[in-house]
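Reviewing the structure listed below.
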């Protein structure tokens, strides 16, 4: 199937969107991107205004693609809201059409719990290992894919089985969270109904979920575009590009160490939301990707 896009009204870049580090289950083979989304393999490529796609085993229509790639987000409006200075201007000009994804909350949560203190290749490896061991095997285009395990699959896993997926200390966290989601004690879909602060407070109650993991899950899967994940890259960006908005002693202190305290995290987040507004999540992704690509 294919979709036609009006790039003046709906700017979109498949490559930028899938290369910016927000999701871990996509791989480009030749001219096509392959990923596993909500128990289906998705194959997609873009040629100018035409977005081609195929899904397996279900034949999903353009509504699914529009929702996942957030094609209804008014990017021109978002740009006009976040373009506050030359730093974000350069990032948007370089990566125009980059969109946030609307990921499945369960997979997003486990993925970012696994992302703690790991680089992207290691995160992808852990997720693939869990999917191979506890998910369902799919063959498509003579390629092998695995669905992400459901909450009950991981809830009934052994700690040894999870550690065999190279999760390390994250195995206990994944097991405990899986049990809570499987029994309904933690209902991720209900978080959509809460405001940003309320939803974040609920997520942080889960073992292994700190402010950064919570913000990633809220931004990438639960519609909270005011969420602002702050990792080592974003810390540098705010302290280097926006240092005049903070006390010099605060900037020096934050830059002098690898990690930041909850208080420092909250202070940077408050500045970001005040400065960029309700679409700060988009500003974050553009600044983050620009920094990584120009480092």
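I need a count of the residues in the range 58-74 that are under 13 Å from residue 103 (Cα atoms), touching a strand residue (DSSP E or B) at 6+ places or on another chain (Cβ under 9 Å) and part of a helix (DSSP H, G or I).
Applying the first criterion (under 13 Å from residue 103 (Cα atoms)) to the range 58-74 yields 64-70.
Keeping just the survivors that are touching a strand residue (DSSP E or B) at 6+ places or on another chain (Cβ under 9 Å) gives 64-66, 68-69.
Going one step further and asking which of them are part of a helix (DSSP H, G or I), we end up with 64-66, 68.
Residues flagged as under 13 Å from residue 103 (Cα atoms), touching a strand residue (DSSP E or B) at 6+ places or on another chain (Cβ under 9 Å) and part of a helix (DSSP H, G or I) within the range 58-74 amount to 4.
Residue 173 versus (1) in contact with a helix residue (DSSP H, G or I) (Cβ under 6 Å, 6 or more places away or on another chain); (2) over 20 Å from residue 118 (Cβ atoms): which is the lone unmet condition?
All conditions are met except number (2).
Residue 111 versus (1) in the same structural domain as residue 150 (by TED's automatic domain parsing); (2) surrounded by fewer than 17 Cβ atoms within 10 Å (Cβ to Cβ); (3) within 22 Å of residue 143 (Cβ to Cβ): which is the lone unmet condition?
With respect to (1) in the same structural domain as residue 150 (by TED's automatic domain parsing); (2) surrounded by fewer than 17 Cβ atoms within 10 Å (Cβ to Cβ); (3) within 22 Å of residue 143 (Cβ to Cβ), residue 111 is out only on (2).
Exactly one condition in (1) under 19 Å from residue 20 (Cα atoms); (2) crowded, with 16+ Cβ neighbours inside 10 Å is not met by residue 268; state its number.
Every listed condition holds for residue 268 apart from (1).
Can you confirm whether residue 124 is under 21 Å from residue 215 (Cα atoms) and surrounded by fewer than 20 Cβ atoms within 10 Å (Cβ to Cβ)?
Working: under 21 Å from residue 215 (Cα atoms): yes; surrounded by fewer than 20 Cβ atoms within 10 Å (Cβ to Cβ): yes.
It is true that residue 124 is under 21 Å from residue 215 (Cα atoms) and surrounded by fewer than 20 Cβ atoms within 10 Å (Cβ to Cβ).
It is to be established whether one or more residues within the range 134-155 are surrounded by fewer than 19 Cβ atoms within 10 Å (Cβ to Cβ), out of contact with any helix residue (DSSP H, G or I) (no Cβ under 6 Å at 6 or more places or on another chain), modelled with pLDDT under 95 and assigned by TED's automatic domain parsing to the domain that holds residue 204. Steps first, please.
At the first step, the residues of the range 134-155 found to be surrounded by fewer than 19 Cβ atoms within 10 Å (Cβ to Cβ) are 136-144, 150, 152-153, 155.
Remaining after also requiring out of contact with any helix residue (DSSP H, G or I) (no Cβ under 6 Å at 6 or more places or on another chain): 136-144, 150.
Those still in the list that are modelled with pLDDT under 95 too: none.
No - not one qualifying residue is present in the range 134-155.
Go through the range 163-185 and give me each residue that's at negative phi, touching a residue at least 24 places away in the same chain (Cβ under 8 Å) and not in a helix (DSSP H, G or I). Full working, then the answer.
Here is the first cut: in the range 163-185, the residues at negative phi are 163-165, 167, 169-183, 185.
If we keep only those that are touching a residue at least 24 places away in the same chain (Cβ under 8 Å) too, we end up with 164-165, 167, 170, 172-174, 176-183.
Selection gives 164, 165, 167.
Residue-wise test of (1) part of a helix (DSSP H, G or I); (2) under 21 Å from the mean Cα position of the chain (by Cα); (3) within 16 Å of residue 121 (Cβ to Cβ).
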| residue | (1), (2), (3) |
| --- | --- |
| 3 | no, no, no |
| 7 | no, no, no |
| 11 | no, yes, no |
| 17 | yes, yes, no |
| 23 | no, yes, yes |
| 28 | no, yes, yes |
| 33 | no, yes, no |
| 36 | no, yes, no |
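Return yes or no: is residue 52 part of a loop (DSSP other than H, G, I, E, B) and either farther than 22 Å from residue 289 by Cα or assigned by TED's automatic domain parsing to the domain that holds residue 154 (or both)?
Working: part of a loop (DSSP other than H, G, I, E, B): no; either farther than 22 Å from residue 289 by Cα or assigned by TED's automatic domain parsing to the domain that holds residue 154 (or both): yes.
It is false that residue 52 is part of a loop (DSSP other than H, G, I, E, B) and either farther than 22 Å from residue 289 by Cα or assigned by TED's automatic domain parsing to the domain that holds residue 154 (or both).
What helices (runs of 4 or more DSSP H) completely inside the range 186-260 contain at least 2 residues that are free of Cβ contacts under 8 Å to residues at least 60 places away in the same chain and loosely packed, with under 15 Cβ neighbours inside 10 Å?
Working: elements: 196-204, 211-221, 232-241, 248-255.
Counting at least 2 such residues, we get 196-204, 232-241, 248-255.
The values are calculated or read from the model by the stated rules, or taken from the named source; none is laboratory data. Keep in mind the model is a prediction, meaning the values are calculated, not measured. Cβ sites come from the backbone with ideal geometry, for glycine too, and all protein chains shown count toward neighbours.
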